[in-house]
1. Can you find, within segment 23-81, the residue that is most open to solvent (accessible area, probe 1.4 Å) among those that are among the charged types (D, E, K, R) and either within 16 Å of the ligand (Cβ to nearest atom) or in contact with a Cys (Cβ under 8 Å, 6 or more places away or on another chain) (or both)?
2. Which ranges mark the strands (runs of 3 or more DSSP E) fully within segment 15-94 that have 1 or more residues being in contact with a Pro (Cβ under 6 Å, 6 or more places away or on another chain)?
3. Which residue pairs have Cβ atoms under 9 Å apart, sit 6 or more places apart or on different chains, and have a first residue in segment 19-35 that is touching a residue at least 24 places away in the same chain (Cβ under 8 Å) and more than 18 Å from Glu79 (Cβ to Cβ) and a second that is surrounded by 14 or more Cβ atoms within 10 Å (Cβ to Cβ) and of a type outside the set (Phe, Trp, Tyr)?
Amino acid sequence: MSAPAVRREIPYRYRLMGTKCLNCGALFHPPQRICPKCGSKDLVEEELAWRGRLVAYTVIRRPPKGYEDYKPYIVGLIELKDGKLILAQIVDCDIEEVRPGLKLEATFRRIREDGKSGIIEYGYKFRPVIEWNWQKKPNPEK
Ligand SMILES: [Zn+2]
């Protein structure tokens, strides 16, 4: 990938950006220049919701080249709060604990490291939402 192309991609890697069609209201990720639904060119950038729930998942045990260090890992289809579906890696979650309906939130993590160039790619992944129960404080005030 050329340097300008990498720079253009940065906002999309570090924020969960999509585009919204002003004609039909559809949301797209990755961002589109022309609406695949209605063909309109009136699209604006829109930051996607950060939380969602797991719809389906698969465990990758034989990953593609460059991702061997991460196996096994979970790739999930996540429905964001605005209804948009997104495919992403699920982290901080045991394979035994992953299940459809799991509440997730986006987090920025290292995606992979290129050994030759030393470039480390970052991007978003999703992790389970930890719901704090303030009624059950471990050290209640006395
Ligand atoms: Zn449209």
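The values are calculated or read from the model by the stated rules, or taken from the named source; none is laboratory data. Since the structure is predicted, the reported quantities are computational estimates derived from the model, not experimental observations. Here the Cβ is made from the backbone with ideal geometry for all residues, glycine too, and neighbour counts use every protein chain on show. Protein only, heavy atoms only, side chains kept; ligands, DNA and RNA dropped before computing areas. Shrake-Rupley method; radii C 1.70, N 1.55, O 1.52, S 1.80 Å.
1. Arg33
2. Once the strands (runs of 3 or more DSSP E) in segment 15-94 are filtered for at least 1 residues that are in contact with a Pro (Cβ under 6 Å, 6 or more places away or on another chain), what remains is 17-21, 51-60.
3. Listed by first residue and then by second, the contacts come to Thr19/Leu27; Thr19/His29; Thr19/Pro31; Thr19/Gln32; Thr19/Cys35; Thr19/Leu43; Thr19/Glu46.
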